[in-house]
Amino acid sequence: MKKLFFSVDVHGANSVWRKWLKVPDMYDVDALLLCGDLTGKSLVPIIKNKKGFNRAFYFGKNWMLKTDKETNEMEKRIQDSGAYTLRCDEDRVNELQNDPAQVEKLMLKMIKDRMAQWIELILEKIDISKVDVIVMPGNDDDWEVDDVIQSYTDKGIIWCLDEVVNVLGIPMISLAYVNPTPWDTPREEKEKALAKRIKKLVKKLDDPSKSIFNFHPPPFNTMLDLAPELDANKKPVTVAGQVNFVHVGSKSVYKALKKHQPLIGLHGHIHESFGHDKVGNTPVVNPGSEYGEGILRGYVIEINNKTIRNYWKVEG
């Protein structure tokens with residue numbers, strides 16, 4: 001019996017990544033899949049004022065940091081929740097506020113640096129001669145993240161996009177693109193284009209029914225794709241005082257699963273909609289994400305004789 005661990009949507013959270021690194025020892029898994037939306041979304045300045053104190057605004061609050069210890073602890077807390085930090089003065093903040101292109105360039109450098117640091121930690125903490133490690137970007141990740149990950153393939157990190165990879169004896173195809181979102185992320189396509197992309201991937205398989213579909217968007221109209229309905233201002237719609245949830249997954253992904261009936265579908269993207277379901281006879285899972293709270297969510301999946309024997313959700 002072999003086991004893999006599948007998790008998604010870490011969004012830059014150092015704390016969650018550190019927990020991932022302990023999974024092989026905790027659950028005795030043979031493959032570790034870290035798939036989709038690896039990078040953070042915000043940059044938090046830690047600003048030194050004229051009195052020598054530092055201040056930061058995060059977690060909805062202004063923080064006055066009077067000692068190096070307080071500053072270091074806050075910086076770690078911010079980075080653990082997925083954001084990036086910049087120690088600077090007021091002049092630097094004003095400069096960046098007036099130059100969005102410089103902010104974007106700085107943010108991209110921090111994203112790439114953290115991604116490289118994370119992969120170095122994999123090589124340090126995990127024996128990749130015994131555990132297969134797959135790291136995959138998602139729709140939120142900049143294209144340059146791909147280059148960082150692929151620069152480590154000669155050291156044993158497995159790149160899974162655009163090709164078939166073997167996962168514990170089972171062929172797997174992977175997709176980072178999603179159907180359109182309100183956020184205009186780097187890897188989005190309309191359903192028609194997404195269907196063509198999936199069809200091209202499926203053609204690379206000898207028998208899709210004996211494979212794994214690792215597609216970041218969950219299938220439409222399942223337990224995996226419920227998210228808050230948003231109005232024109234991207235604010236949640238409420239009904240009788242409660243947030244209204246709607247299905248936002250991919251119809252193309254659903255159709256591909258329904259047609260080909262792979263052994264299992266691995267999905268993410270919709271943080272709130274964690275759990276499992278079935279499309280036809282194919283089990284589909286979405287671990288969900290609470291990266292901002294430092295919570296690791298994932299599925300342990302047992303494989304025996306090239307078939308899925310069992311799967312269960314873990315978190316902590």
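Quick notes
- Tally, over region 259-283, of residues that are within 19 Å of Phe245 (Cβ to Cβ), under 15 Å from the mean Cα position of the chain (by Cα) and either polar (S, T, N, Q) or surrounded by 19 or more Cβ atoms within 10 Å (Cβ to Cβ) (or both): 7
- Strands (runs of 3 or more DSSP E) wholly inside region 220-316 that include at least 1 residues being modelled with pLDDT of 95 or more and small (Gly, Ala, Ser): 226-228, 264-266, 275-279, 297-304
- Scan of region 284-298 for residues that are surrounded by 19 or more Cβ atoms within 10 Å (Cβ to Cβ) and of a type outside the set (D, E, K, R), ordered by number: Val284, Val285, Asn286, Pro287, Gly288, Ser289, Tyr291, Leu296, Gly298
- The set of residues in region 21-54 that are farther than 18 Å from Glu104 by Cα and part of a strand (DSSP E or B) comprises Ala31, Leu32, Leu33, Leu34, Cys35, Ile47, Lys48, Asn54.
- Asp28 falls short on exactly one of the conditions (1) surrounded by fewer than 21 Cβ atoms within 10 Å (Cβ to Cβ); (2) at negative phi; (3) in the same structural domain as Val131 (by TED's automatic domain parsing), and that condition is (2).
- Contacts under 7 angstrom Cβ, first residue in region 182-205 being closer than 13 Å to Asp162 by Cα, partner part of a helix (DSSP H, G or I) and hydroxyl-bearing (Ser, Thr, Tyr), 6 or more apart: Ile198/Ser252
- Qualifying positions in region 135-191 - farther than 14 Å from Phe215 by Cβ, among the aromatic types (Phe, Trp, Tyr) and in a loop (DSSP other than H, G, I, E, B): Tyr152, Trp159, Trp183
- Residue check, Glu302 over 17 Å from Phe215 (Cα atoms), within 17 Å of the chain's Cα centre (by Cα) and surrounded by fewer than 18 Cβ atoms within 10 Å (Cβ to Cβ): no
- Inside region 291-315, residues that are out of contact with any strand residue (DSSP E or B) (no Cβ under 9 Å at 6 or more places or on another chain) and under 14 Å from Lys2 (Cα atoms) make up a count of 1.
- For region 136-159, taking the residues that are of a type in the set (S, T, N, Q) and exposed (fewer than 15 other Cβ atoms within 10 Å of the Cβ), the one that is nearest to Glu188 (Cα to Cα) is identified as Gln150.
The values are calculated or read from the model by the stated rules, or taken from the named source; none is laboratory data. As the structure is a prediction and not an experimental result, all values here were calculated from the model. Heads up, the Cβs are rebuilt from the backbone with ideal geometry, glycines too, and the neighbour counts pull from every protein chain shown.
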